[in-house]
Amino acid sequence: MIRKPIPARWSLALGVLSVLLLLAAYTGLSLWQHHRNPDDTTIPTWSQLGAGVKQIIEPNARDGQRWLVADGKATLIRLFLGLLCGIAGGIVLGLLMGCYPVIEALLVPPLSLLAKEPPTAMLAVFFVLVGTDTEMYVAMIAFGILPTLSQTVYLGVREVPAELLDKASTLGASQLEIIWSIIARAIFPKIIDVVRLSIGPAMVYLIAAEMLVGDVGFGYRIRLHSRLLNMNVVYPYLAVLAAFGFALDYALRLLQRYCCPWYVSGEK
Amino acid sequence: MKRHCWEIALIAAIALLATLGLGEAFGAAAPTPSFSLAWSEYPSWSTFGVAHEIKLINGKKGALGPIEKKWGVDIELKEAEYDPCLVMYGSGKCDAACITNMDALNPSLTRPSVAILPNSTSFGADALIVTKDITDIKQLRGKKVYGLAKTVSEYCFVRNLELLGENEKDYVFTNMDPAAAALAMQQKQSGFDAIIVWNPFVLETLNRRKDVRVLFDSTSIPGEIIDMVVVAQASLDQPGGKAFALAVIDTYYAINQRLADPKTADETLIALGEKFSHLDLQSMRKVVKQTRFYSTPEEGLKILTSPSTQEIMKKVSAFCVSHEIVPKAPTIGFGDKTAAPNAAFRLDPTYIEEYLKQEKSK
Amino acid sequence: MSTPSLSSLSSAPSADSACPPEPDIVLECRDIHHWFGNKRVLHDINLRIVRGEIVGLVGPSGCGKSTLLRAIVGTHPPRKGVVLVRAAGQTSAYAVEGPGPDRGIVYQRYALFPFLTALENVALGPMLHQTTIPFRLLQYPSWRQLRRRHLDEAAAILVKLKLGDAMHQYPHQMSGGMCQRVAIAQTLIMKPEILLLDEPFGALDEATREELQRTLLTLYQENCAAKAAGLPPPAGTIIIVTHELTEALYVGDRVVGLSPYWDWKAEGFTSCPGAAIVYDKVARVYQPDEEKDYDSFVRQREEIRRVVFDSTYFPSRVENLTFWNDVRQGKGEGVLK
């Protein structure tokens, strides 16, 4: 019985069923809450949620902005800039650490310490060091994901068999070519994996920072409307966040499958 | 044998859980009704935390301090940041909360609420701090003013603009957590020429950076920002609800008496300030001055019954509607339930009156 | 410490040799010593290899065969001594400084780059050797053209090694034998002077191993034919490290034995100074389609087993180094004729 495979149709049906059950449970919960208190906004009904969604996507009466567009733009720019810096820095540092023992000895101790420091706990430090503009969000995300990322890259580099590197040098590869054409390519799928894992933390750091200092963005809107108990605005925002994270993850998986057919099929 | 071990462990675990569950059930059946009060660190609200520390009440559920025994009710204290307090109260996770008159309006739309006890009013505790080169409010036109949006900070800012005859549209109120805004100003970060924050951030910023000053503060709008204890109507209607209200009132005035008594004043003040901020005694005296306590039942009654409070509530409600803090204006009532049966938010002096009557009859 | 008699034996015949044609030496290891910390690994290795040969290098496991190979490849230079290579048609040799395309290597494991198809793996060498990153990025059109030539060249070699159907497969999709074939193709495309095989077939099953051994013999046949026509050997010179004596005798025209069990006390050492070459003789040359004659192996195999592998027998270093004498006496076959 244990690990006995089930037909693919079944697993699809069960997956759909679990989502439906979740939705039904929510509907029940909100109906019950509204039975107890018809004016409730904390567990909004579907029609309340619909109104919330409308509020998010239609231009706001006071400032004429579409909240979702304005917040999405701000948050995405911060997230992507931060991810870009963090990933680029992490890859470069990881490659250097994996290739050159001097840099390894220099950087591994501080990075392994920093990797254990939750950046949300250091929010105030970031305010102090880089202010509260876009740089702060970018720095926070970048420093948040860089230690883990560079360590993973570094370990990945170390795992590349020495024979492959020796072989490349017998084929006439320069140092740069070994790093770029051999090591970087060999660990590329691992880099995608660790980037996928970094998106979650990056969003945590960003939302936490936006909750404190943002005047636009997902974190700002969620905190504001939590305080105002407009859960019909908060829940759609959470759903958008989840959908966005899922989509990004899926895109990266596709990229990995497309760019590294040898790795994905190698896993099987 | 191994399998039997498992079974025995399983049965033991179930038995243990059952015992605990039954104990809980019996515990809940105990005669003392229990009500929860959410509070955050603020001079006049920390009184409840101090009352727990000096054992006037016991804030843990199921444990009673002398005041709780006196009124026959169990007060459960839930300490949280201000935001979570609002959310907890609004979503019905606590019976009462320490919030401002302005922030009470939104939850009352879905959860009819009663203000039973005004604690204090901001009298300088909310302030617009600017750099030295700014001497006139007009210099701030088009510049960013940082503060927490849709809170008393924004209210204080907008009301002062009104009093100065300025148009709100000429100014850029920018959302930022007051702690972060104060930190940015203390660090002289560029662009942070004006922040509007509350205490302890006002005093901290003034203490740490000598080249800034207060352009205006809440002294120009006395009594408009009221810190109060708000209880859900449904909780008051439960058995023991009234006793809970009276016990909360009793606790508050008991601490105020200690503040008035020269023997215990400093020690209580320090206790109040301990978690609130690392301000010294001198600064704490200032804090208490800027957060003007309604320290006697008489003062409290005056606020709850005064016609000017009714005017203020109208003004605050209009502000909340125009700034989208509430989707619609709640009906605001004054007096007991019979006087305003349909009010979403009611300022009710009868609990303090009842407390006074019972105190005098002793 | 130096032993003049040894150098005269292991080195090329002098001018007064009875055998007139001067052997065409492609590789010379001169006075190579190597050690890791206190552990002495190689002692006074002197070895000269004739162009076009297949040399079977045998020895007990851990004796330093791979170390010697890496010293020749240049990725791990020896502590002492020098490796000299002489390109085809050149009169003077040059000392090896680091790895280069003139010496290819096939490892037992990790022979291929997992992220490249068979074809790309083979075409990698010309790319790394002939172009640079800036060229590939900045002169993309020219690079594209060149790349097409590389791929055609690689495809031709793969077809020759009977891998025409597997060109677009990734290493993990191919069998071990196919991978080693691709690895050989990968080095052959560089037209190396010397091809070093480090226990290349150790992880393969019997049938595959024999098939690959026959492949080597086919390459050797081409070398012999080229030599007869006065051309440089197309497959270069091959040194194959193996722990299989039969394999060394089957594919090699010469067997070299490396062993730590030699009579170092007689040379005045108090502890073993490292493995030395204790065996160097010609071996019979087989045709690829020729039936393996196990009986003919027996005598030489037993000899090697005793001289090289027996840890209780400590022969003198020089008594079994008869290769050059054998050649002089015309005992050599294939390219040694």
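Here A:Leu22 and B:Ile8 are evaluated by their C-beta separation; at R0 = 35 Å the FRET efficiency comes out at 0.40.
Think of it as helices only: each DSSP H run of n ≥ 4 in chain C is worth -39500 (n - 2.57), and spread over all residues that comes to -10500 deg cm²/dmol at 222 nm. The phi-based Karplus calculation (6.51 cos²θ - 1.76 cosθ + 1.60; θ = phi - 60°) puts the 3J(HN,Hα) values of the stretch C:158-175 at 4, 4, 4, 8, 6, 10, x, 7, 10, 4, 9, 8, 8, x, 5, 8, 9, 6 Hz, whole numbers, x for Gly and Pro. Which positions within the stretch B:319-334 get 30 Å² or more of their accessible surface covered by the other protein chains, compared to the chain by itself, with a 1.4 angstrom probe? Listed in order, they are B:Glu324. Seen against the Cα atoms of chain B and their longest principal axis, helix B:262-276 is set at about 90 degrees.
3J(HN,Hα) along the stretch A:212-229, derived from phi through the Karplus expression 6.51 cos²θ - 1.76 cosθ + 1.60 where θ = phi - 60°, amounts to 8, 10, x, 10, 7, x, 4, x, 4, 5, 5, 5, 4, 7, 5, 5, 7, 6 Hz, with x in place of Gly and Pro.
Tell me the carbon and sulfur percent of the accessible area for the protein assembly as shown, rounded to whole percent, probe radius 1.4 Å. Ligands and nucleic acids excluded, carbon and sulfur give 60 percent. Largest accessible area first, the listed residues B:Tyr82, C:Tyr110 line up as C:Tyr110, B:Tyr82 when surface is computed with a 1.4 Å probe on the assembled protein chains. Working note: Cα gyration tensor of the stretch C:181-337, eigenvalues times five, square-rooted, sorted largest first, giving semi-axes of 29, 18, 16 Å.
Sorting C:116-128, C:60-72 by their mean Cβ neighbour count within 10 Å, with the most densely packed peptide first, gives C:116-128, C:60-72.
Mean per-residue shielding of peptide C:104-117 is 5, counting Cβ atoms of other chains within 10 Å of each Cβ. Spatially, the stretch C:91-149 and the stretch A:34-56 are offset by 65 Å when compared through their Cα centroids. Taking a spot 7 Å from the Cα of A:Tyr250 along the direction of its beta carbon, which residues of the stretch A:1-32 have an amide N less than 16 Å from it? Residues A:12, A:15-16, A:19 fall inside that zone. Between amide H atoms placed 1.01 Å from N, distances below 5 Å from B:Ala194 occur with B:Tyr146, all of them 5 or more places distant or on a separate chain. Ranking A:Ala124, A:Phe143, A:Ala173 by Cα position along the charge dipole of the stretch A:45-267, where only Lys, Arg, Asp and Glu carry charges on their C-beta atoms, puts A:Ala124 farthest toward the positive end. Structural size metrics of the stretch A:45-267, computed from C-alpha coordinates, are Rg and Dmax of 20.9, 69 Å. Taking the Cβ of B:Arg159 as the center, what net charge do the other residues with Cβ under 9 Å away carry, scoring Lys and Arg +1 and Asp and Glu -1? Here the count lands on -1. Could you give the Stokes-Einstein D for chain B in µm² per second, using the C-alpha Kirkwood radius, 25 °C, 0.890 mPa s? Approximately 112 µm²/s, per Stokes-Einstein. Annotation: per residue accessible area for chain C equals 44 Å², rounded to a whole number [probe 1.4 Å, protein chains only]. Sorted on the mean count of surrounding Cβ atoms within 10 Å across their residues, most packed first, peptides B:296-308, B:148-160 read B:148-160, B:296-308. In the context of the full set of protein chains, the stretch A:45-267 has a per residue accessible area of 45 Å² (1.4 Å probe). Taking C:Arg109, C:Arg136, C:Arg305, C:Arg328 and ordering them by how much accessible surface each has at a 1.4 Å probe, largest first, produces C:Arg109, C:Arg305, C:Arg328, C:Arg136. Per-residue shielding of B:87-96, expressed as the average number of other chain Cβ atoms within 10 Å of the residue Cβ, stands at 3.
The solvent-accessible area of A:Met122, taken with every protein chain present and a 1.4 Å probe, is close to 50 Å². Take each residue of peptide C:121-130, count the partner chain Cβ atoms within 10 Å of its Cβ, and average: the result is 4. Once both axes come from the Cα atoms, what is the angle between helix C:294-304 and the longest principal axis of chain C, in degrees from 0 to 90, rounded to 10? Value to nearest ten degrees: 60.
Sorting B:190-202, B:341-353 by their mean Cβ neighbour count within 10 Å, with the most densely packed peptide first, gives B:190-202, B:341-353. Based on alpha-carbon atoms, the Kirkwood radius and the radius of gyration of the stretch B:126-220 give Rg/Rh equal to 0.91. Within the same chain, lysines fewer than 8 places from C:Lys337 are excluded, and of the rest, those with a Cα less than 16 Å from its Cα are C:Lys227, C:Lys281. Measuring against 29 Å, Cα to Cα, the residue pairs A:Lys116/B:Lys78; A:Lys116/B:Lys93; B:Lys70/B:Lys302; B:Lys132/B:Lys289; B:Lys60/B:Lys328; B:Lys93/B:Lys362 contain A:Lys116/B:Lys78; A:Lys116/B:Lys93; B:Lys60/B:Lys328; B:Lys93/B:Lys362 as the ones spanning a longer distance. Counting only DSSP H runs of at least 4 residues, each contributing -39500 (n - 2.57), and dividing by the residue count of chain A, the helix-based mean residue ellipticity at 222 nm comes to -26500 deg cm²/dmol. Remark: relative contact order (the stretch B:126-220) = 47 percent; criterion is Cα-Cα distance under 8 angstrom and separation of 6 or more residues.
Residues whose amide H comes within less than 5 Å of that of B:Asp217, counting only those at least five positions distant or on another chain, are B:Leu128 (H built at 1.01 Å from N in the peptide plane). A:Asp133 contributes about 90 Å² of solvent-accessible surface, heavy atoms of the protein only, 1.4 Å probe.
At 222 nm, what value in deg cm²/dmol follows for chain B if DSSP H runs of at least 4 each add -39500 (n - 2.57) and the sum is divided by all its residues, to the nearest 500? Can you show the working numbers first?
On the way: 15 runs with 175 residues, N = 362.
Computed ellipticity for chain B at 222 nm equals -15000 deg cm²/dmol.
Once you keep just the Cα pairs under 8 angstrom separated by 6 or more residues, what percentage relative contact order results for chain C? Dividing the mean separation by the residue count of chain C yields 24 percent. Cross-link reach is defined here as a Cα-Cα straight distance under 12 Å, omitting same-chain residues fewer than 8 places apart; for C:Lys80 the aspartates and glutamates meeting it are C:Asp31, C:Asp44.
Over chain C, what is the percentage of antiparallel beta bridges among all DSSP beta bridges, to the nearest 5? So the antiparallel bridges in chain C amount to around 50 percent. Between amide H atoms placed 1.01 Å from N, distances below 5 Å from B:Ser120 occur with B:Asp227, B:Tyr294, all of them 5 or more places distant or on a separate chain. Could you work out how far helix C:206-228 tilts from the main Cα principal axis of chain C, as a 0 to 90 degree angle to the nearest 10? Its long axis makes an angle of about 90 degrees. Computed 3J(HN,Hα) for the stretch C:26-43, one whole-Hz value per residue from the Karplus formula 6.51 cos²θ - 1.76 cosθ + 1.60 where θ = phi - 60°, is 9, 9, 9, 9, 10, 6, 7, 10, 8, 8, 10, x, 8, 8, 7, 10, 10, 10, glycine and proline marked x. Per residue, the average separation of C-alpha pairs within less than 8 Å and at least 6 apart gives chain A a relative contact order of 23 percent.
The values are calculated or read from the model by the stated rules, or taken from the named source; none is laboratory data. Here the structure is a predicted model, which means the values were calculated and not measured. As a convention, Cβ positions derive from the backbone with ideal geometry for all residues, glycine included, and neighbour counts pool all protein chains shown. SASA here: full protein model, heavy atoms, side chains in, ligands and nucleic acids out. Shrake-Rupley method; radii C 1.70, N 1.55, O 1.52, S 1.80 Å.
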